Every structure is written in structure tokens, then in C-alpha cells.
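The values are calculated or read from the model by the stated rules, or taken from the named source; none is laboratory data. Keep in mind it's a predicted model, so treat the numbers as computed, not measured. Cβ sites come from the backbone with ideal geometry, for glycine too, and all protein chains shown count toward neighbours. Protein only, heavy atoms only, side chains kept; ligands, DNA and RNA dropped before computing areas. Shrake-Rupley method; radii C 1.70, N 1.55, O 1.52, S 1.80 Å.
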Amino acid sequence: MYFRAAGPKERRHASRVARVRLSLFAALGVSVVLAGCVTPASSPKTRLPARPGSSRPVVVVQAPPAPGSAADSAARADSLRAVAEREVAARVAAERAEAERAEQVRLSAERARVERAARERAAAERADSIRAAQRADSIRAAERAAARRDSVRAAERAAAERAAADRAAAERTGAQRAAAERAAAEREARALLDSLRAAERETARKLDSIRLAERAVAERTGAERAPTERAPAQRQADERAAAERVAEARRERAEAPAPAAERPAPAAARAAPRDPNVGIVDGPSHRLAGRHTFRFAGAPEGERVQWTVMRYTREPDGDENERRVERERGEELAIDLQGIVGGESRYLVTASAGPIADTAVVWAFPPNQLAAFTWRGEGHPDVRVWTMVPSMLSRSTRIVVVMHGDARDAVASAVPWERWGAQTNKVILAPEFDAARWPGERGYALGNLFASDEMTTLVPEPARAYAVVESMARGVAQGLGIRDPSFDMWGHGAGGEFVHRFLLFRPRAPVRIAVAANAGWYTMPDTTQPFPAGVKNAALDVDRSDLVAWARRMLVVMRGTADTLRTGLPARAAAEAQGPTRFARAATAVEAAKKVEPRVAWWLLDVPGAGHDPMEMAPAAQMLLERMP
């Protein structure tokens, strides 16, 4: 048996065991000392075991190690070491927690950086894809535009070639038709001349027979001298009557219309026959498209009525055509009149019976849709009028005249009124005063009153735009067979300026209600300001009584609450004095009228949210016209 010397491990283990034992003994001693120092509270229900022969409980106290002893030193060292170890452990745990927090922060930052980089890459990729798509779209759009341009050019070339071919064919056909019609007219003229000559010969024969009979009677009744003396006078009267009848027949034939190929475009008004009870029975000159019947009255006995109908059209693209659509015989003619949407359709109806001839001009309109006709009159250029005739047309239908603005686009001004007129049984008339024949503000907004911008010489009344509109409205009412000749008026912008001045310079025009919307500026009822800011002008000769009558006419000054921009606004000094905007100038005009006549019939009407746009203003005016009696 032998013993091995303890190694370092064994020595450290033994030392550690000894230290633990000392720590346990020290803790036990401290607890005993503390227990001895504290007297436990007595409890009535608990009793400690008593030592025999004594009433006090037995307390076992283990004495702590003596101070300065090895056990006391070991216990103290162990407690200090335990405290140090706890502090080290706490510091290590705090450092570990701080390191973990730092690591989490670093990981979060790294994660955010990675996500941001990913988002940036995705955004860059989207931007690249969008740019690529835009480039592709622009390339495709350019290709489509080029293809569309090429197709349009090809279509234009084809249309031009086709139009040239059509014109050439039409010219050839027209020349042939003209030649044929001239030949037919010459034959008819020769036949009529032969019939007139035969009538003259028959009249002469009758006169000769009358003379012979008179001489025979005179010879048989020689005693009756008085009748014999009156015979020459009676004979001369008969001869004069026969000559007058022959002359009348020749005049009527000479006044009959020339063949269509030689005749210029007919005027709007038809030439009335000598006797109102002879010829084509009067009927409306403006009619809805459809089947219509014309009747001829007063035809000579034994003569059949010859009808010829020519149609003149103007397509929306401006192409004009003329062709014969009917040639019939009989007392009546039934024919289908066709209208053109966005164009013009005019019929010339000619009827002749023996020496009697008559013509009628009729315009045809498609129901409930915009078409046009040309208003012609003496002393002024032709005016194209855009028109909507409702399918409910009757003698009680009303007329609304729509005046365009400074752009001179009458059809655009009439479009907001087309459907409303069809639904409410109103005829819409929108005359177009083009800038070429009615130039500048003087030619349109100021009514073409003056011959020059100096405003010293008035033009003849038929040439004034105000007179043209009144005669046009009256003529259409008569042409459509409308009983009431009065009409309503609406104008926007420059059209509003035209409307409010129309009431001043056409005081007897049958205007029921006039609406001037968003006018650029106004002619004030003021005799101290020169025209057009006021009415001071030697040529116009307007006095206070005229202004009072003007203020008593029904005028609605309509303004949009958003029409406060100065775009296109007249900026002359006289206009600026009325206010900085159209909205302000409307109020100035109404206030000026109130100063002239307290019982003024002008009133201001605001349209909320509407700007300088006729499409926004027209519905308010339509509602107003519907509600007015």
C-alpha cells in the first residue's frame, strides 16, 4: 500500500471544500446569535417545551467562532468573496445585456439598411420599366400618328381625285342637262308662241265674223240708225279688249321663270302671280321634312298643270348640288321633302298651265336636329341661319333667337339649345354674322349701325344687323305658319352685347324676353357719354324718352359668379370705368338703368359657379324662359 501526493487539482478541491464548510459554520453561528438576541413573542396557543423544573423555554445557542480565529477569518473571507462574486456576476450580466442590446440595434440598423436598399432597387427598377414603357408608348404613338397622317393624306388625295372626277362628271352632266333643258324650254316657248299666234288668229277670225254680222244687221235694219252708229265704238272696245288679253298672255309668258340651267339661285321670297287666286296655293315656305302636297288653282279650262321641282343642297362639308327631283302633270303634286342634318335643303317648285306660271321656294328641315338655311334680303349680305325645328311644330310654337359670341361660331352657340328646343317645342334660330361680311365689333356687337369706325354716318336700315335679325325672326315665324310673331332672345359674350343694344335700336321689335349673359361691356343709358359707352351721338338722335322706354323693356342681365377673369375682356377706358370684370360690369349696367327709370324692367340674375362659358349659362336661361309666362 502506498500514498500518492495530492496534485494541484486535489489541493484546490480540498481548499474549496474547507471554505464551504467554514462558510456554513459562520452562517450558522450568526443565525444563532441573532436568535438569542431576539425574544420571540409569546402566543397564547403555542408553547415551547420547558426545561424540567423551570418555566422558561430552552434556547440552544451555538457560539460563533471566536473573533480572530481561523473560522472567523474564513467566514469573513467567504462572505466578502460571495459579495465580490455577486458584484462581478451582476457586472457581467449588465455587460452581457448591454452587448445584446447593441447587437440588436446593429441588427435592426443592418436590416433597415438592407430593406432600404431593396426598396431603392425596386423603385429604380420600376422607374426604368416606366421609362421603357413610356419610350415604347411614344414610339408606338409616333408610329400610329405617322400611319394616321399617311392614311389621312391618302384619303385626302383620294377625296380630291374623287371630287375632281365628280365635278367633271357634274359639269358634263350639268352641261348636258342645261342643253336639254334649254332645248325643252325653247320647244315649250315655241309651242306657247304658236298657241298665242293661233289664239290671235282665232281672235281676228272672231272679230271679222263680228264685223260681218254687224254689217249684215246694219243693212237689214237701216231704219235703226242709233245702233248702227254705236257699232264702230263697240267694235273698237272689243278689239282693244282682245289686244289687252293677248298682251297679258305675252307678259305672263315673259315673266315666267327661265329654265333652271339659265336661272340664278332664287331669292328667298317667291314672285306672286298677278291674281292671288291663280297659281300655286300659298303654303309654309319653311317645312319639316316629310311628304307634302302642292296644289295649283285657276288653271285655264282644258290645260293640264306642268310641275317641275328642283332641289338645291349644301352639305355639312360645304359641297353644293343642284338637281331636278320631280316632273309631273296634274292639279296637285305630292312630294317627299328631305332635310339635311347640319346642311341646307331648298326646293324650287315651278308650275305652269297654259300662259299662267308660278313658283314657290320651300326650305326643308329634319325634325329635332340642327340644319341651316340662308336668309336673303335687299341691302345686306346673305346670312346663314342655323335652325332647329321641333317635331311638335304647331301654330303655338315659340321662337328663340340665339346670338353667338365674338368667335362667330353660330352652330356651337346653338348646340346647347338643340335638345331643349326639341323637348319644349321651341324653334331655335342662330344667325351667323361672319367676320368677312360683318367685320369687327362695329359690324356685329354694335349692330353695323355705322359705315366706318368714326361713327358719323349711319348705314341704311336694311343693312343693319339689328334689322336683319328682326326681319329674319318675323320671316321664319310667317314661313313656319306660327301664329305669334314675337320671339325670345339670348346672347353670350359679344352676343349679350348685341342683345341689350338690340332692345334700344329696335324699340318696336316683338321681343318677349331678352337675356344678355356675360357681356364684355355695356352701352349705358347715359346721354353724356359718347357711343358706345353711352348714347351720345348726333347721328343716333337718342333722347331721355328713348332711354326710359329702353329701361322698361324686359331685359335679364345674366352673369356667372365665376366669370371674374380678364381674359378677352375689353380694356378701353370707357369699359374699365364700368368695372374690372364682367361680373362687376353687369351690376353697373343695371344700376345705371335704375337711375333713368325707377320702374326699370332690367334685373340681375346670378348663375352660381358658372364662368365665361355658354354651356354653363344656357341651362339657367332655358329654365328662366320656361317659367316666364
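Of note:
- The stretch 277-289 - phi-based ³J(HN,Hα) in whole Hz, Karplus 6.51/-1.76/1.60, Gly and Pro as x: 8, 10, x, 5, 5, 4, x, x, 8, 10, 9, 5, 4
- Near the amide H of Val542, within less than 5 Å, lie the amide hydrogens of Asn537, all on another chain or at least 5 residues away, with H placed in the peptide plane.
- Solvent-accessible area of the stretch 332-378 (1.4 angstrom probe, protein heavy atoms only): carbon and sulfur portion equals 46 percent.
- Solvent-accessible area per residue for the stretch 471-582 (1.4 angstrom probe, square angstrom): 36
- Accessible surface of the stretch 524-622, 1.4 Å probe, proportion on carbon and sulfur as whole %: 58
- From the Kirkwood radius over Cα pairs of the stretch 79-129, Stokes-Einstein at 25 °C and 0.890 mPa s returns a whole-number translational diffusion coefficient of 173 µm²/s.
- 3J(HN,Hα) from dihedral phi, the stretch 331-347, Karplus parametrisation 6.51/-1.76/1.60, rounded to Hz, x for glycine, proline: 5, 10, 10, 10, 8, 8, 8, 10, x, 10, 5, x, x, 10, 9, 10, 10
- For Met403, the amide hydrogen comes within under 5 Å of the amide hydrogens of Trp490, Gly491, His492, counting only partners 5 or more places away or on other chains and with H modelled in the peptide plane.
- Rolling a 1.4 Å probe over the protein heavy atoms of the stretch 121-174, with every protein chain left in place, gives an accessible area that is 56 percent carbon and sulfur.
- Where GluC sites (Glu not before Pro) fall in DSSP loop in the stretch 448-519, at most 16 other Cβ within 10 Å: Glu454
- In order along the stretch 428-436, the Karplus-derived 3J(HN,Hα) couplings, from 6.51 cos²θ - 1.76 cosθ + 1.60 at θ = phi - 60°, round to 9, 10, 10, x, 10, 9, 5, 5, 6 Hz, and Gly and Pro are given as x.
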